[in-house]
Amino acid sequence: MTDLAGERERLVRSLARNGIGDERVLEAVARVPRERFVPQHLVGDAYADRALPIGEGQTVSQPWVVARMTELLDVRPTDHVLEVGTGSGYQAAVLAQLVHDVVSVERHAPLAESAAARLAELGYGNVRVVLGDASAGYAPDAPYDRIIVTAATPLIHPELAGQLAPGGRLVAPVGSEQVQELIVRHADGREERHGGVQFVPLLGRAGFRRDGERDGPPPGPR
Ligand code: SAM
């Protein structure tokens with residue numbers, strides 16, 4: 001039988017070696033059973049540091065990218081957080097341990113349903129999964145202290161940025177459908193760039209394609 005706990009510890013050590021310096025983030029990753037967020041036939045790969053398919057042409061992001069984006073968000077225990085793109089729920093589970101609550105929006109009903117069930121079963125009671133298009137944010141629960149976009153976006157839509165609370169920050173992969181850069185946007189409009197990544201595209205009203213158009217295959221491995 002595979003020693004998943006041992007593999008998880010090895011993954012956390014490799015994240016630390018590869019530049020993840022925030023101990024709180026490393027501890028949060030160390031507590032989340034990633035094997036519960038991947039399809040049964042990929043459980044053996046759960047602690048490989050790479051993205052894995054989760055159905056509907058979507059992926060659970062690479063652990064390093066999840067850790068890096070969480071670190072860049074610089075969360076506090078009181079934060080009210082919006083995640084755009086629930087996917088498997090893994091990123092939400094990592095965040096849930098570090099913040100007050102997470103509202104996570106997913107446009108694919110089967111993914112939203114299975115992520116909500118999985119997060120509830122694992123006891124992440126401070127995550128609420130909402131079905132819908134959050135390419136321009138999710139106004140009903142705004143403002144947010146932190147916003148994380150976990151799909152490639154052509155731009156940070158003004159409506160989304162407008163849902164940040166004063167002093168808040170947003171992290172998103174911004175660029176083309178093929179390659180993006182991690183951007184930190186502060187509520188006062190300042191931006192920082194943090195290196196290249198590859199995500200599946202954000203679809204919907206303010207994404208790469210509108211709802212109703214066919215989803216293409218994911219462009220890259222994350
Ligand atoms: N954070 C996820 C995790 O931990 O598994 C991985 C996210 S996956 C790379 C991107 C997700 O964004 C997909 O599940 C996709 O369906 C979702 N998505 C794409 N466009 C969206 C939109 N406009 N609103 C909400 N979710 C969207």
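Check 159, 181, 191, 177 and return the single one that is touching a helix residue (DSSP H, G or I) at 6+ places or on another chain (Cβ under 8 Å) and of a type outside the set (Lys, Arg).
Values: 181 fails: touching a helix residue (DSSP H, G or I) at 6+ places or on another chain (Cβ under 8 Å); 191 fails: touching a helix residue (DSSP H, G or I) at 6+ places or on another chain (Cβ under 8 Å); 177 fails: touching a helix residue (DSSP H, G or I) at 6+ places or on another chain (Cβ under 8 Å).
None of the others qualify; the one that does is 159.
Pairs are defined by a Cβ separation below 7 Å, a sequence spacing of at least 6 or placement on different chains, a first member in segment 187-207 that is under 13 Å from residue 69 (Cβ atoms), and a second member that is of a type in the set (Gly, Ala, Ser) and open to solvent by less than 50 Å² (accessible area, probe 1.4 Å); the pairs so defined are 199/151; 199/152. The set of residues from segment 1-29 being open to solvent by 20 Å² or more (accessible area, probe 1.4 Å) and in contact with a Leu (Cβ under 7 Å, 6 or more places away or on another chain) comprises 12, 16, 24.
A quick yes/no check of all residues on (1) farther than 13 Å from residue 95 by Cα; (2) more than 12 Å from the ligand (Cβ to nearest atom); (3) modelled with pLDDT under 95:
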| position | (1), (2), (3) |
| --- | --- |
| 23 | yes, yes, no |
| 27 | no, yes, no |
| 35 | yes, yes, no |
| 38 | yes, no, no |
| 42 | yes, yes, no |
| 55 | yes, no, yes |
| 59 | yes, no, yes |
| 64 | yes, yes, no |
| 69 | no, no, no |
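Scanning segment 30-71 for residues that are open to solvent by less than 20 Å² (accessible area, probe 1.4 Å) and out of contact with any Lys or Arg (no Cβ under 8 Å at 6 or more places or on another chain) yields 32, 38, 52, 66, 67, 69, 70.
The values are calculated or read from the model by the stated rules, or taken from the named source; none is laboratory data. Being a predicted model, the structure only gives us computed values, none of them experimental. Every residue, glycine among them, receives a Cβ derived from its backbone with ideal geometry; neighbour counts consider all protein chains shown. Calculation scope for accessible area: heavy atoms of the full protein, side chains included, ligands and nucleic acids excluded. Shrake-Rupley method; radii C 1.70, N 1.55, O 1.52, S 1.80 Å.
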